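Below is one structure, written out as structure tokens, with a few remarks after it.
The values are calculated or read from the model by the stated rules, or taken from the named source; none is laboratory data. Values in this document were obtained by computation on a predicted structure and should not be read as measured data. Cβ: placed from backbone, ideal geometry, glycine included. Neighbour counts: every protein chain shown. Only protein heavy atoms, including side chains, enter the accessible area calculation; ligands, DNA and RNA are left aside. Shrake-Rupley method; radii C 1.70, N 1.55, O 1.52, S 1.80 Å.
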Amino acid sequence: MRQGDLEGAGAGFAAIVKHSPSFAEAHFNLALVREEQGRHDDAIASFQKALALKPRLHGANLFLGIAEFRLNRLDEASTAVQKETASYPKDAAAWMWLGVVRLAQDRPEDAAEALDKAARLSPGDQDILYHRGRAHLLVSKNSYARMFKVNSNSWLVHRVLAQANAEAERHVDAIAEYEASIKLAPTQPGLHEELGSEYRSVNKIPEAEAAFRRELEIDPHNVLATYKLGAIEVEKGDGAKGKELIEAAQREKPGLVHVDYNLGRAEMLLGNDAAAADHFERVVKTDTDSEVIEQAWFQLGTAYRRLHRMDEARNAMATYQQLKDEGARKSQKALENYKAEHPDAPPP
């Protein structure tokens with residue numbers, strides 16, 4: 001069987017069960033061979049025989065359920081796999097297959113519940129993550145569909161449309177939907193912060209600043225609005241105010257994205273070059289955004305130069321230039337690929 005000789009394996013296990021008909025494991029292995037051969041009905045009969053002899057035989061109900069699933073007998077598959085999860089509740093594969101069956105039965109909420117359990121038991125399993133993602137997407141889709149049916153012009157519907165546009169980088173459309181949502185629910189926490197983020201994406205900084213300030217009037221504890229307003233203050237050149245707001249946000253929520261970069265820029269504006277260098281050193285070691293890392297090397301080179309650490313300044317600037325050149329090459333390559341794939345289209 002391990003060598004892939006299914007005919008030989010089938011003959012061997014068939015001989016064993018004929019000689020020892022009460023040997024449950026032999027029936028189980030014969031069933032596995034028949035399943036591999038695509039003989040699902042024969043596999044089901046052998047799995048059932050193994051379970052009749054040993055009802056809690058590990059894996060038997062699971063593979064019985066899989067065989068039933070292959071024949072589109074979803075109710076029988078569900079019953080078998082549920083028995084496996086009841087007998088072996090720490091078996092991630094059993095929970096995954098229960099989720100797969102529930103998806104086929106058009107029961108995404110139940111599928112998501114089973115697949116969440118599977119993911120907790122085996123967090124790095126790609127098959128589980130794939131099916132879990134499918135289940136949760138269907139749950140979300142169904143939930144939003146019901147929202148639209150209840151009231152297609154509610155502030156929540158506009159917010160969902162805005163978030164979808166934002167994720168697709170259709171920022172102008174997202175702004176329009178957020179503004180429609182705010183018109184219907186002007187004091188709803190979170191809306192102005194999300195609108196401000198979209199304004200920043202299209203470089204409408206005064207509008208973004210106004211939205212973040214309005215958010216903080218509604219919800220003074222909104223950490224993201226505080227942080228993003230602090231970043232804007234830094235961009236405007238007010239290092240003191242920017243640092244105050246960013247640090248206030250950091251105290252409430254450590255680990256904010258690009259926080260060291262923004263604090264480093266604030267310290268540069270304040271003339272605190274050593275503190276700025278510390279922040280930028282952390283950025284180049286820990287941040288995952290290539291553009292932020294590139295800019296951090298430039299800022300780090302500037303800070304080192306101000307601190308008269310000239311060798312380090314030269315090395316930092318050399319690294320910055322190397323990353324910049326690599327980015328330019330990647331952009332050029334992407335453009336060439338796009339032109340090759342879309343010869344009649346205008347450049348992106």
- Item | Subset of the range 165-176 (residues that are within 24 Å of the chain's Cα centre (by Cα), without any contact (Cβ under 8 Å) to a residue 24 or more places away in the chain and assigned to a helix (DSSP H, G or I)) | ASN165, GLU167, ASP173
- If we scan the range 107-121, do we find a residue that is part of a loop (DSSP other than H, G, I, E, B) and buried (at least 17 other Cβ atoms within 10 Å of the Cβ)? yes
- Query: Would you call ASP91 within 24 Å of HIS40 (Cα to Cα) and surrounded by fewer than 15 Cβ atoms within 10 Å (Cβ to Cβ)?
  - Reply: no
- Item | Counted residues, the range 316-348 - those being of a type in the set (Phe, Trp, Tyr) and under 29 Å from the mean Cα position of the chain (by Cα) | 1
- Query: Just checking, which of VAL100, VAL81 is under 28 Å from ARG39 (Cβ atoms) and either open to solvent by 10 Å² or more (accessible area, probe 1.4 Å) or in contact with a Lys or Arg (Cβ under 7 Å, 6 or more places away or on another chain) (or both)?
  - Reply: VAL100
- Got a sec? Which helices (runs of 4 or more DSSP H) wholly within the range 235-336 have at least 2 residues that are farther than 28 Å from LYS204 by Cβ? 273-286, 290-306
- Query: If you check ILE44 against the conditions, is it touching an Asp or Glu at 6+ places or on another chain (Cβ under 7 Å), surrounded by 20 or more Cβ atoms within 10 Å (Cβ to Cβ) and closer than 30 Å to ARG132 by Cβ?
  - Reply: yes
- Quick check: anything in the range 139-146 touching a residue at least 24 places away in the same chain (Cβ under 8 Å) and either under 30 Å from ALA14 (Cβ atoms) or part of a helix (DSSP H, G or I) (or both)? yes
- Query: Just a yes or no: is a residue in the range 48-56 closer than 16 Å to TRP97 by Cα and either surrounded by fewer than 23 Cβ atoms within 10 Å (Cβ to Cβ) or of a type in the set (A, V, I, L, M) (or both)?
  - Reply: no
- Residue that is surrounded by the fewest Cβ atoms within 10 Å (Cβ to Cβ) [pool: residues in the range 188-225 that are part of a helix (DSSP H, G or I) and β-branched (Val, Ile, Thr)]: ILE205
- Item | Given (1) among the charged types (D, E, K, R); (2) at pLDDT 90 or above; (3) assigned to a loop (DSSP other than H, G, I, E, B), index of the condition LYS83 fails | (3)
- Within the range 67-76, how many residues are out of contact with any His (no Cβ under 9 Å at 6 or more places or on another chain) and not aromatic (Phe, Trp, Tyr)? 5
